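The values are calculated or read from the model by the stated rules, or taken from the named source; none is laboratory data. What you see is a predicted model, and the numbers here were worked out from it, not measured in a lab. When we count neighbours, we look across all protein chains shown, and the Cβ atoms used for this are built from the backbone with ideal geometry, even at glycine.
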Amino acid sequence: MKRGLSGNVALIPSRWAMLVELEMLDLSGKYVRLYIRNYLTTTPSWRVVRLRRILGPGSLRYKIFIRLLVLVLKMQVTSRRLFSKRPSAQSDELEHLLSTAGPLAFTAVEKPVVTIVIPVFNNWQITENCLRSLSRQRFSVGVQILVVDDGSSDQTPTRLAEIPGITVVTQPKNAGYMYAIRAGVSAASSEFVLLLNNDVVVCDNWLEPLLARAQDPTIGAVGSMLLFPNGSLQEAGALMFSDATGANFGKGDDPRRPWYQTPHQVDYCSGASLLVRKKAWDEVGGFDVNFAPAYYEETDFCFALRDLGYAVWFEPASRLFHLEGASYGNELSLERQALLEKNRQRFLNKWRAELSTHWAPSYENQVGASWASPLGRVLIIDQKIPQPDQDSGSIRMMGVIQILVEMGFGVTVLALRLAPTEPYLSTLRTMGVEVLDGRINYTHEIARLAPYVKFALLSRPDETALCYELLREFAPGVPLIYDTVDLHFVRESRRAEIEGSAEVARSAQTYRELELGLVAKCDATFVVTPSEKTLLDELVPDKKIAVVSNVHGDLPPGPGFAGRKNLLFVGNYEHLPNVDAVEWFAKEILPIIRQTLPEVSLAVVGANLADRLAALAGPGIEIVGWAKDLRPFYDQTRVVVAPLRFGAGIKGKMGEAAVHGVPVVASPMAIEGTYFVPGQDLLCTDNAQQFATDVIALYQDQEKWEQFSNNARSAILRQCAPEVVAKEIADTLHQVGVKTVR
């Protein structure tokens, strides 16, 4: 068994959960065997523990047992695919939507933002259900309901004429779906048109997420999540393989799974609910009539949008039930099968060049094909998802993620230690970043995704060590980039020196061996300071080491010198250097300052406040703790203090203070790795008496204060501006063979 496959330490899936997970894996056997082997090795169940003892891992009977178990599970997975996706009873949600729908009446809008185009042909009851579900909606913008009657011969024309507030376009004869849609869109004058089948029931707040996503002018179309009447997933975006066969991603699965909860770019979305920018529709020319009467028209349209530079997105927050085929039937007759194949070949001939870059047709390749990001997908592995209002490392990681998204990568973040929580989870998903909880089974998530990513970014030494072998197993050719965050062995060595601790010194040595080994094994390494790069260049020569610093954008200046008072220290107090810094400042520096400036107080702000710091509260010290927004604190503070005595990497508090325009008095440790020049951009000392003297001087000198405020801002942006960090990342990716140009 390869090292690293036994790393799961939290929740282990049940056998039935395993069947669901295995559906998305390669059923050729390789991944399944590794998955089963990991399960048998890690689960704490007494039955499995006893089974391990009986079989004896590594023995011949152990290997035979795994192979037999794989065969049984594959049969069960196949059975589940065949039988579990048949629609059963109507879901409670759909029943509620149908039973509580309002009267058939709408408000006419003179200048709509969105025109909902609904083609209909007979089947009035189906159309009525759709319109009643729309009547439940409370739209935030002007919406026109435009129904195209495609030559109905039942009660449909009469009933439509009775509904106030809708627009009806009547076709002289039944020309088919494509021509009905074209007629409806031609009659629309709104900025957006929404193509909607009449055999759908929309969920509450279905339109707003589509509109919110489409505010990006580069997006041409946005599709909804489609559900079967029984509540199972019908489509979370759709994909095309290289032979022009397609698939609805996740069909038949549980729509609540995290795989389907992230907005992202796709090959196409079903025309059952597709918001389209009218300008883009006109530029393309709408649905290509060569695909009439049906099949591949919306697929071709979405490909044409991308050909013009527009993106096509799937938006999971927009949900509706689709009674697939309720209007026209869903059985493929021989005639319809022939038409489907004819249009597949027509589509293949038209888009052969683009399709040549798509994944080969197979069930397993749906994972790779389900996202259509311009530069492919990226896997980031970290102990948690970024929490920018909690710690400096999260601010940096969020900046890196934003840069990768803007480059054109589809980003997945796998959190190994801490559960993804709100509001951070929703923030990432809104950006189009997939978030996975690795505590459940990170082995499976890596096995599922790794073969399809362009590179993996592994953050922090412990997490990198845990997943390195897995990534090499499942994606041997994928570049692995180790992100140190800071060099732990450097930080621990300095801490050991301050505390005089042999135990901390041993920890530093352990981290030294681990981190240098990871630098040697990975394809490239990110550090946050030039000094760390210099050190690694010496210790691990001939390796790609890049400085990817903290990410800070420029901010508008706050109040001037006269409008500010008091001192500020910001940090996360799970980080021991911050605890030590506050204690040292409170006990040895602040008393000296208050002899000259008795009115001055220090605000201690940040997450995870330690009890020993809370005990410091009193005259001259305000213990604030966590604050959602730091801007008010920076705007009212005259001087930020950073009296760090040990640590490593660049300190986020230095950059934050600089971009907020607040001058700093710092220790040499605090400015390590920055471009700050003592005496020019700030004041710097590690002597308590001198530190107090510098704070007093800066606090009282407006001219010096303004000089440092301007100079520090310029210095941090030269090092940490998003475009500077983006260039360093792009250069590194180029060196390891990853394309960074769309």
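Looking at region 149-171, which of the residues that are assigned to a loop (DSSP other than H, G, I, E, B) and in contact with a Pro (Cβ under 8 Å, 6 or more places away or on another chain) is farthest from Val117 (Cα to Cα)?
For region 149-171, the residue satisfying everything is Gly151.
I want to confirm something. Restricting to region 172-195 and keeping residues that are under 29 Å from the mean Cα position of the chain (by Cα) and outside any loop (DSSP other than H, G, I, E, B), which single residue is farthest from His322 (Cα to Cα)?
In this case the residue turns out to be Phe192.
Would you confirm whether or not region 364-384 contains a residue that is buried (at least 24 other Cβ atoms within 10 Å of the Cβ) and touching a Cys at 6+ places or on another chain (Cβ under 7 Å)?
Checked against the condition, which is being buried (at least 24 other Cβ atoms within 10 Å of the Cβ) and touching a Cys at 6+ places or on another chain (Cβ under 7 Å), region 364-384 yields at least one hit.
Could you tell me whether Asp694 is free of Cβ contacts under 8 Å to residues at least 40 places away in the same chain, in contact with a Leu (Cβ under 6 Å, 6 or more places away or on another chain) and not aliphatic (A, V, I, L, M)? Spell out the reasoning first.
On the way: free of Cβ contacts under 8 Å to residues at least 40 places away in the same chain: yes; in contact with a Leu (Cβ under 6 Å, 6 or more places away or on another chain): yes; not aliphatic (A, V, I, L, M): yes.
The answer is yes for Asp694.
Pairs please, first residue from region 138-160 and loosely packed, with under 15 Cβ neighbours inside 10 Å, second anywhere and in a strand (DSSP E or B) and among the aliphatic types (A, V, I, L, M), Cβ atoms under 7 Å, 6+ apart in sequence or on different chains.
Filtered contacts from region 138-160: Val141/Val114.
Which of the numbered conditions does Val551 fail, given that it passes all the others? Conditions: (1) aliphatic (A, V, I, L, M); (2) crowded, with 20+ Cβ neighbours inside 10 Å; (3) in contact with a Leu (Cβ under 9 Å, 6 or more places away or on another chain).
Single failed check for Val551: (3).
How many residues, within region 718-738, are closer than 18 Å to Gln680 by Cβ and in contact with an Asp or Glu (Cβ under 6 Å, 6 or more places away or on another chain)? Step through it out loud before you land on a result.
As a first pass, look at region 718-738 and keep what is closer than 18 Å to Gln680 by Cβ: 718-720.
Filter once more, so that each one left must be in contact with an Asp or Glu (Cβ under 6 Å, 6 or more places away or on another chain): none.
Of the residues in region 718-738, 0 are closer than 18 Å to Gln680 by Cβ and in contact with an Asp or Glu (Cβ under 6 Å, 6 or more places away or on another chain).
Could you please give the count of residues in region 209-230 that are surrounded by fewer than 19 Cβ atoms within 10 Å (Cβ to Cβ) and small (Gly, Ala, Ser)?
Number satisfying all stated conditions: 1.
Which residue out of Val478, Val519 is modelled with pLDDT of 95 or more, part of a loop (DSSP other than H, G, I, E, B) and in contact with a Leu (Cβ under 9 Å, 6 or more places away or on another chain)?
Result: Val478 is the single residue among Val478, Val519 that is modelled with pLDDT of 95 or more, part of a loop (DSSP other than H, G, I, E, B) and in contact with a Leu (Cβ under 9 Å, 6 or more places away or on another chain).
Being without any contact (Cβ under 8 Å) to a residue 60 or more places away in the chain and assigned to a helix (DSSP H, G or I) is the filter; apply it to region 481-496 and report the residue that is farthest from Val528 (Cα to Cα). It would help to see each step written out before you state the result.
Residues of region 481-496 that are without any contact (Cβ under 8 Å) to a residue 60 or more places away in the chain, as a first pass: 482, 489, 492-493, 496.
Applying the additional criterion that residues be assigned to a helix (DSSP H, G or I) yields 489, 492-493, 496.
Details: Phe489: 14, Glu492: 17, Ser493: 18, Ala496: 22 Å.
By that ranking, first place goes to Ala496.
Quick check: anything in region 555-571 surrounded by fewer than 21 Cβ atoms within 10 Å (Cβ to Cβ) and over 30 Å from Gln700 (Cβ atoms)?
no
Which of the residues that make up region 711-728 are in contact (Cβ under 8 Å) with a residue 40 or more places away in the chain, part of a helix (DSSP H, G or I) and not β-branched (Val, Ile, Thr)?
Ala712, Arg713, Ala715, Leu717, Arg718, Gln719, Cys720, Pro722, Ala726, Glu728
Can you list the strands (runs of 3 or more DSSP E) found entirely within region 233-291 that contain at least 3 residues being surrounded by 21 or more Cβ atoms within 10 Å (Cβ to Cβ), of a type outside the set (D, E, K, R) and at pLDDT 95 or above?
Qualifying strands (runs of 3 or more DSSP E): 238-240, 273-277.
From (1) closer than 28 Å to Met398 by Cβ; (2) surrounded by fewer than 20 Cβ atoms within 10 Å (Cβ to Cβ), pick out the condition that doesn't hold for Gln702.
(1)
Would region 441-460 turn up any residue that is under 30 Å from Ala670 (Cα atoms) and among the charged types (D, E, K, R)?
yes
Looking at Gly655, is it within 20 Å of Pro557 (Cβ to Cβ), crowded, with 21+ Cβ neighbours inside 10 Å and modelled with pLDDT under 95?
Yes.
Glu706: among the acidic types (Asp, Glu), closer than 23 Å to Thr529 by Cβ and not in a loop (DSSP other than H, G, I, E, B), yes or no?
no
Against the conditions (1) surrounded by fewer than 17 Cβ atoms within 10 Å (Cβ to Cβ); (2) at pLDDT 95 or above; (3) within 30 Å of Gly737 (Cα to Cα), where does Phe526 fall short? Just the number, please.
(1)
Does Trp351 fit the bill of being within 32 Å of the chain's Cα centre (by Cα), at pLDDT 95 or above, surrounded by fewer than 21 Cβ atoms within 10 Å (Cβ to Cβ) and within 30 Å of Val405 (Cα to Cα)?
Details: within 32 Å of the chain's Cα centre (by Cα): yes; at pLDDT 95 or above: yes; surrounded by fewer than 21 Cβ atoms within 10 Å (Cβ to Cβ): yes; within 30 Å of Val405 (Cα to Cα): yes.
The answer is yes for Trp351.
Looking at region 209-222, I want the residues that are farther than 14 Å from Val114 by Cβ and have a partner that is assigned to a helix (DSSP H, G or I) with Cβ atoms under 7 Å, at least 6 apart or on another chain. Which pairs are those?
Cβ pairs passing all conditions: Ile219/Arg213; Gly220/Ala280; Gly220/Leu305.
Taking the criterion of being within 19 Å of Arg306 (Cβ to Cβ) and not in a loop (DSSP other than H, G, I, E, B), would at least one residue in region 196-218 satisfy it?
Yes; the residues of region 196-218 include at least one that is within 19 Å of Arg306 (Cβ to Cβ) and not in a loop (DSSP other than H, G, I, E, B).
Can you tell me how many residues within region 111-130 are without any contact (Cβ under 8 Å) to a residue 40 or more places away in the chain and within 17 Å of Phe321 (Cα to Cα)?
2
Could you run through region 670-694 and say how many residues are touching a Lys or Arg at 6+ places or on another chain (Cβ under 8 Å) and either of a type in the set (Phe, Trp, Tyr) or surrounded by fewer than 20 Cβ atoms within 10 Å (Cβ to Cβ) (or both)?
2
How many residues are outside any loop (DSSP other than H, G, I, E, B), under 14 Å from Ala610 (Cα atoms) and either modelled with pLDDT of 95 or more or acidic (Asp, Glu) (or both) when one looks only at region 556-577?
Residues that pass the stated criteria total 1.
Tell me, yes or no, whether region 447-462 has at least one residue that is at pLDDT 95 or above, crowded, with 21+ Cβ neighbours inside 10 Å and at positive phi.
yes
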